[in-house]
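Engineer: Questions regarding the structure given below will be posed in turn.
Read-outs throughout are calculated quantities, based only on the coordinates presented, and are distinct from any laboratory measurement. Worth saying up front: this structure is predicted, and the values here are computed from it rather than measured. All Cβ positions, glycine included, derive from the backbone under ideal geometry; neighbour counts span all protein chains shown.
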Amino acid sequence: MKNTESSNQCSNSARDWMKEALAIAGQASIDVPVGCVIIKDGKVIAAAHNRREEDKDPVGHAEILAIREAARAMDSWRLDDCTLFTTLEPCPMCAEAIIQTRIAALYYGAYDLKSGACGSAFNLFKQGRIYPVPDVIGGIEEEECQRILTRYFEANVRSNSNNLKQHPLPPDES
Ligand SMILES: [Zn+2]
């Protein structure tokens, strides 16, 4: 299964699924546009975008919401044989949640150099943990995944700076 032909097929369909995740990300109204879809047997069983602002939910990241929806669909906390696509490299919270589901493979789009937990800022996916870790493949449709984030932050730069004034970081944080 590791020959060139099958890996090409795999990456083609990975790009298609990432486009689905991008479409979901685009449905975010006030939140940072991150989208996630979970696939089982060639079908989307869960899809969510980031809803932290919309739901006033501190853990309302796309991956967490999609995982919960997938678990309901599977009637199980175990998501073996599922594949998760998310437009942004998961943060540590979502990365650990993904590992806990026993999901088989994780594909992400843009790299998150500040918070990404697939190797950019942290790496929770090291082999040899007590749990098996999924296969992790980053950089799928990276440009478009990054573009929607850049567009969002450019449009929200003023309100973001207002938020920082209202909620200043401790002096030792940057
Ligand atoms: Zn997250």
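Engineer: Quick check: pseudo-label points 7 Å beyond the Cα along Cα→Cβ at Gln100 and Ile130, how many nm apart are they?
Structural biologist: 1.3
Engineer: Same structure again: Multiply the residue gap between Gln27 and Ser76 by 0.36 nm, knock off their C-alpha separation, and tell me the result in nm, one decimal place. Before the final figure, lay out the partial values.
Structural biologist: Details: separation 49, 0.36 × 49 = 17.64 nm, distance 2.73 nm.
So the extension gain works out to 14.9 nm.
Engineer: Hand me the tally of lysine pairs in the stretch 4-140: alpha carbons under 26 angstrom apart, and the pair either on different chains or 8 or more positions apart.
Structural biologist: So the count of such lysine pairs works out to 6.
Engineer: If I stretch the segment between Glu53 and Val157 completely, what's the gain in nm (0.36 nm per residue apart, minus their alpha carbon distance), one decimal?
Structural biologist: 35.8 nm
Engineer: Tell me, how many Å apart are the Cα centres for the stretch 70-103 and for the stretch 118-138?
Structural biologist: If we compute the Cα centre of each part, the gap is 13 Å.
Engineer: Suppose each label sits 7 Å from its Cα in the direction of the beta carbon; what would the Phe122-Arg68 distance come out to in nanometres?
Structural biologist: Spacing of the two 7 Å Cα→Cβ label points: 2.0 nm.
Engineer: Within the stretch 23-77, list the GluC sites (Glu not before Pro) lying in a DSSP loop whose Cβ has at most 14 other Cβ atoms in a 10 Å radius.
Structural biologist: Answer by residue number: there is no such site.
Engineer: Oh, and also: Which of the peptides 144-156, 74-86 is most tightly packed, and how do the rest follow, judged by the mean count of other Cβ atoms within 10 Å per residue?
Structural biologist: Numbers: 144-156: 14.9, 74-86: 18.7.
The peptides rank, most packed first, as 74-86, 144-156.
Engineer: Could you tell me whether the stretch 1-136 comes out rounded, prolate or oblate from its Cα gyration tensor? Rule is a ≥ b ≥ c as square roots of the eigenvalues, rounded for a/c under 1.5, then prolate if a/b exceeds b/c, otherwise oblate.
Structural biologist: The shape class here is rounded.
Engineer: Taking the Cα centre of the stretch 23-87 as the origin, how large is its charge dipole in debye, to the nearest 20, when only Lys and Arg (+1) and Asp and Glu (-1) carry charge on their Cβ atoms?
Structural biologist: The dipole of the stretch 23-87 has a size of about 40 debye.
Engineer: Please sort 30-42, 115-127 by packing, taking for each peptide the average over its residues of neighbouring beta carbons within 10 angstrom, highest first.
Structural biologist: 30-42, 115-127
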